[in-house]
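To start, the structure itself, in structure tokens.
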Amino acid sequence: ILQQHYQDVDIIGLHMSNWNPLDEDLDLRETKQKCHEQDLQDTQRVCDFLDIPFHPANFVAEYWTDVFEPFVEQISLNGQMPNPDVGC
């Protein structure tokens, strides 16, 4: 479908995992893990429907180091509540 309109472009479906559900509190882990798995399945299903390649990408470590830690540091240092995803 998409390739007909965008013939000179490689179109892919990308699912980015930026947070590990296992890092959640014990009482939230199971729910978060189910949501994560459902997100992956939904992405795969859309890619199948659109007939485009599906690529899961794990950015958990990068998100933790480059986004989450600076976010916590800003709160700790000066009480600011920045938007954490600006670092993305």
TODO: Please determine, by comparing only the residues of the stretch 55-71 that are open to solvent by 60 Å² or more (accessible area, probe 1.4 Å) and in a helix (DSSP H, G or I), which one is farthest from His15 (Cα to Cα).
DONE: Glu69
- [ ] Look through the stretch 1-52, keep the residues that are among the aliphatic types (A, V, I, L, M) and in contact with a strand residue (DSSP E or B) (Cβ under 9 Å, 6 or more places away or on another chain), and return whichever of them is nearest to Asp66 (Cα to Cα).
- [x] Met16
Task: Checking Ile52 against (1) open to solvent by less than 80 Å² (accessible area, probe 1.4 Å); (2) among the β-branched types (Val, Ile, Thr); (3) closer than 29 Å to Asn83 by Cα, the condition it does not meet - done: (3)
Task: Residues located in the stretch 1-43, provided they are open to solvent by less than 90 Å² (accessible area, probe 1.4 Å) and of a type in the set (Asp, Glu) - done: Asp23, Glu24, Glu37, Asp39, Asp42
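Taking the options Asn78, Asn58, name whichever one is of a type outside the set (Asp, Glu), more than 26 Å from Tyr6 (Cα to Cα) and modelled with pLDDT under 85. Break it down into steps so the answer makes sense when it comes.
On the way: Asn58 fails: modelled with pLDDT under 85.
Going through Asn78, Asn58 in turn, the sole match is Asn78.
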Open item on the list: Of everything in the stretch 73-88, what is of a type outside the set (D, E, K, R), surrounded by 11 or more Cβ atoms within 10 Å (Cβ to Cβ) and in a helix (DSSP H, G or I)? Give them in sequence order.
Closed with: Gln74, Ile75, Pro84, Gly87
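The values are calculated or read from the model by the stated rules, or taken from the named source; none is laboratory data. Not measured: the values here are computed from a predicted model. Neighbour counts are summed over all protein chains in view; Cβ atoms, including those assigned to glycine, are modelled from backbone coordinates with ideal geometry. Please note that ligands, DNA and RNA were not included when accessible areas were found on the heavy atoms of the full protein model with its side chains. Shrake-Rupley method; radii C 1.70, N 1.55, O 1.52, S 1.80 Å.
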